[in-house]
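The values are calculated or read from the model by the stated rules, or taken from the named source; none is laboratory data. None of these values were measured; they are calculated from a predicted model. We place every Cβ from the backbone using ideal geometry, glycine too, and count neighbours over all the protein chains shown. Each accessible area value is taken on the protein alone, full model and side chains, heavy atoms only, with ligands, DNA and RNA left out. Shrake-Rupley method; radii C 1.70, N 1.55, O 1.52, S 1.80 Å.
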Amino acid sequence: MRIIAKNTLKKFWEQPQYIDSKAPLESWYEEALNATWVSPQAVKAHYGSASICANNRVVFNIGGNKYRLVVEIQYRAGIAWVKFVGTHAQYDKIDVENVNEY
């Protein structure tokens with residue numbers, strides 16, 4: 001997959017209070033980069049705890065579910081757009097289907 005907005009991940013993990021998210025986010029990035037997800041089912045097959053949402057959005061649990069990552073996946077084009085990364089509490093305040101914080 002081509003990952004759009006890796007800088008969003010980096011900006012998040014560079015904040016001192018979220019430094020522990022660096023390794024799990026980098027791990028997700030590398031796995032997604034090498035993935036060939038052609039459908040939501042393909043994502044679920046690799047990440048069983050991922051939540052498939054409307055508007056081609058997928059929510060990943062990061063760092064033992066301490067953080068949430070929202071990605072919009074364009075399966076045909078092979079593109080994953082990072083739309084949101086934050087704590088579980090921050091995630092609870094967003095609209096997953098429309099968030100666009102990259």
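How would you classify the stretch 43-102 from its alpha-carbon gyration tensor, with a ≥ b ≥ c the square roots of the eigenvalues: rounded for a/c under 1.5, else prolate if a/b is greater than b/c, otherwise oblate?
It comes out oblate by the Cα gyration axes.
Quote the relative contact order of the chain in percent (integer), defining contacts as alpha-carbon pairs under 8 Å separated by 6+ residues.
28
Taking the Cα centre of the stretch 1-82 as the origin and placing charges on Cβ (Lys, Arg +1; Asp, Glu -1), which of Asn65, Tyr75, Ala45 is farthest toward the positive end of the dipole?
Tyr75
What nm value, rounded to one decimal, do you get for the distance between Asn34 and Lys11 when each label is placed 7 Å out toward the C-beta?
2.9
Restricting to the chain, what percent of DSSP beta bridges are antiparallel, rounded to 5?
85
Name the aspartates and glutamates eligible as straight-distance cross-link partners of Lys6: C-alpha to C-alpha under 18 Å, and not fewer than 8 places from it in the same chain.
Within the straight-line cut-off, Lys6 pairs with Glu14, Asp20, Glu26, Glu30, Glu31, Glu72, Glu101.
Solvent-accessible area per residue for the chain at a 1.4 Å probe radius, Å²?
54
Within the chain, what whole-number % of the accessible surface is contributed by carbon and sulfur, with the 1.4 Å probe and all protein chains included in the calculation?
Carbon and sulfur atoms account for 48 percent of the accessible area of the chain.
In degrees, nearest 10, range 0 to 90: what is the angle between the Cα axis of helix 22-33 and the longest Cα principal axis of the chain?
Value to nearest ten degrees: 10.
Let's see if you can work this out: charge +1 on each Lys and Arg Cβ, -1 on each Asp and Glu Cβ, no other charges. What is the dipole magnitude of the stretch 1-86 about its Cα centre, in debye to the nearest 20?
With Lys and Arg at +1 and Asp and Glu at -1, about 220 debye.
To the nearest 10 square angstrom, how much accessible area does His46 have with a 1.4 angstrom probe?
The accessible area of His46 comes to roughly 110 Å².
Distances longer than 16 Å among the Cα atoms of the chain: what percent of all pairs is that?
The proportion of pairs with Cα distances above 16 Å equals 52 percent.
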